[in-house]
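Readers should treat all values here as calculations from the given coordinates under stated rules, not as data from a laboratory. Since this is a predicted model, take the numbers as computed values, not measurements. A quick note on method: Cβ atoms are made from the backbone with ideal geometry, for glycine too, and the neighbour counts reach across all protein chains shown.
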Amino acid sequence: MKDKKEIRVGQVGHMFMGVAHSNAFRNAAAMYDLPYKIIMKAVCGKDTDENLAAFADRFGWESYEQDWKKLVKRDDIDLICIAAPGFLHKDIAVEAAKNGKHILSEKPLANTLAEAEEMVEAVESAGVRHCCGYTYRMTPAQAMAKQLFDQGRIGRVYDVFVRYAQDWLCDPNFAYVWRHDKELAGSGALGDICAHSIDGVRFITGMDITKLVSQMKTLITERPVDAGKPNGEKAKVTVDDVAQFLCEFDNGAPGCFEASRMAMGRRNYNSIEIAGDKGSLFWTFEEQNYLYFFDNTRPSTEQGFSKINCTHNDHPYGGGYWPIGHGLGYGDMFINQARLFLNAIVENKEFHPDFVDGLKVQQVLDAIERSANIQNWVSL
Ligand SMILES: NC(=O)c1ccc[n+]([C@@H]2O[C@H](COP(=O)([O-])OP(=O)(O)OC[C@H]3O[C@@H](n4cnc5c(N)ncnc54)[C@H](O)[C@@H]3O)[C@@H](O)[C@H]2O)c1
């Protein structure tokens, strides 16, 4: 086999996103013909030696670390993947950049706007490549939505209607985790899921928000510390369960966004509807291989939303490794993200979503919090 360039990866995080990225680094080169080898050097987590060793073994990491400061200094690593809570993103990214590592950081880019700005400054002055994990861009149908938009098939945007709804916090006995603590998570539904929606609309349309008015609600204000003891000690929830905002985009179009982790019956209902003078798009993650498209240029007797199966070879991501009609799943977004970002590193090309895209979203998150605090419109 011809010698291929190697990209040696170190990753912080070994739980939800830790699994998603480990799976991607492990399988990207098996599923796609890549011009480089991915070497999974070391994974780091806040856990026992035994659990980290077992995780490393399961996914094929060569070694593990318990201290991310050691990980980012290792000279056998080229890329750091940050799959840890928001309060760690800035410190890890800044240190990784100082050590010349390329960085893939989970979203939202940081817990605050100031931290996000520091991260952008760090990667730009170090001259390393960067990716912010707005992974839903990598679904076939969201990428297809962008393609139709760029072809002018939607035309002038009249309306944006976005809802990202989940229901995992409806249970008042769902125990307190880092996601309920503002110090650790930055915000609640806002940074966790609304951030994806803001990025999704920006990705598809290229439009930026110029002003907004919001409200943020915490409906269950304390939660049990121990999942097994609902009547035991409780901790105060310091983040929002629901965030909603109205906005105006730079072309004058109005937008309406909601993010909720308290929407009973909605499991991961991440949806975006964009209506223009030539057509409309509806994308929803739970049907990630399909895009709904209304084409206003068709004869009125034939109009209606068509449900496009986006797994044809000519669609973005070409149906992935599988034949037409077989579709991609949740893990495939991360494989797409890993391979495209690593391609950009090897080819020394710009990549999106990068930290600057992450910063753009962070500016909106910051404005939403400011608006909710003063209960009035704010400009960006
Ligand atoms: N792209 C997406 O769609 C998506 C989905 C879920 C979460 N996220 C983001 O991913 C990030 C991680 O979320 P998650 O759901 O994987 O969280 P998680 O709680 O499942 O995992 C957190 C990980 O961070 C590690 N960790 C915590 N403190 C640490 C420390 N001091 N040193 C080293 N490791 C430490 C833990 O050991 C664990 O492996 C967050 O920023 C979150 O917003 C993104």
Exercise for review: Grab every C-alpha pair in region 164-256, bin the distances at 10 angstrom width from 0 up to the longest one, and report whole percents.
Suggested key: 15, 41, 25, 14, 5, 0
Point to revise | Where only alpha carbons of region 60-176 are counted, the Rg and the Dmax (Å) | key: 18.5, 52
Practice item. Enumerate the lysines that LYS46 could reach by cross-link, defined here as Cα to Cα under 27 Å, with residues fewer than 8 away along the same chain left out. Key: LYS69, LYS70, LYS73, LYS90, LYS98, LYS101, LYS107, LYS182, LYS229, LYS234, LYS236
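Filter the chymotrypsin sites (Phe, Trp or Tyr not before Pro) in region 302-354 to those in DSSP coil with at most 16 other Cβ atoms within 10 Å of their Cβ, and list the result.
TYR321
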Exercise for review: With the convex hull built on the Cα atoms of region 317-380, state its orientation-averaged projected area in nm².
Suggested key: 6.9
Study note, to complete from the structure: Note to self, the chain gives a 222 nm [θ] from helices alone (DSSP H runs n ≥ 4, -39500 (n - 2.57) apiece, / all residues, nearest 500) of -10000 deg cm²/dmol
Practice item. Over all directions, average the projected area of the Cα convex hull of region 122-226 and note it in nm². Key: 10.1
Review point. With Rg and the Kirkwood Rh both taken from Cα atoms, where does Rg over Rh land for region 23-100?
Key: 0.97
Review point. What FRET efficiency comes out for the pair LYS37/LYS70, r = Cβ-Cβ distance, R0 = 25 Å, nearest 0.05?
Key: 0.55
Check your understanding: How high is the FRET efficiency from GLU118 to LYS182, r the C-beta distance, R0 22 Å, rounded to 0.05?
Key -> 0.70
Point to revise | Likely footprinting exposure, CYS81, CYS256, CYS310, fewest C-beta neighbours within 10 Å first | key: CYS256, CYS310, CYS81
Point to revise | Calculated over region 245-338: convex hull of Cα atoms, volume per residue (Å³) | key: 169
Exercise for review: Provide the packing ranking of 4-10, 184-190, i.e. peptides ordered by the mean count of other C-beta atoms within 10 Å per residue, highest first.
Suggested key: 184-190, 4-10
Review point. Which of the trypsin sites (Lys or Arg not before Pro) across region 109-170 are loop residues per DSSP, with 13 or fewer other Cβ within 10 Å?
Key: ARG156
Check your understanding: What is the set of long-range amide H partners of GLU222 at a cut-off below 5 Å, with H atoms built 1.01 Å from backbone N?
Key -> VAL237
Point to revise | Rg/Rh (Cα only; Kirkwood hydrodynamic radius) as it applies to region 276-317 | key: 1.02
Point to revise | Bins of 5 Å, starting at 0 and running to the largest distance - Cα pair percent for region 147-207 | key: 3, 14, 19, 19, 13, 10, 9, 7, 5, 1
**Study point:** Cα gyration tensor of the chain - equivalent ellipsoid semi-axes, whole Å, descending
**Key:** 32, 28, 20
Check your understanding: Between ALA53 and ALA227, what length comes free when the chain is fully extended (0.36 nm per residue of separation minus the Cα-Cα distance, one decimal in nm)?
Key -> 60.0 nm
Check your understanding: Regarding region 1-55, what are the three Cα extents along the principal axes, ordered largest first, in Å?
Key -> 39, 17, 15
Exercise for review: Pick out, in residue order, every one of the GluC sites (Glu not before Pro) in region 293-380 that is DSSP loop and has at most 16 other C-beta atoms within 10 Å; say none if there are none.
Suggested key: GLU350
Practice item. Per residue of region 309-315, in order, report the coupling 6.51 cos²θ - 1.76 cosθ + 1.60 (Karplus, θ = phi - 60°) as ³J(HN,Hα) in whole Hz, putting x for Gly and Pro. Key: 7, 8, 10, 6, 4, 7, 7
Exercise for review: Among DSSP beta bridges lying fully in the chain, give the percent that are antiparallel, nearest 5.
Suggested key: 60
Check your understanding: Can you give the alpha-carbon Rg of region 5-135 over 2.2 N^0.38 Å, where N counts its residues?
Key -> 0.99
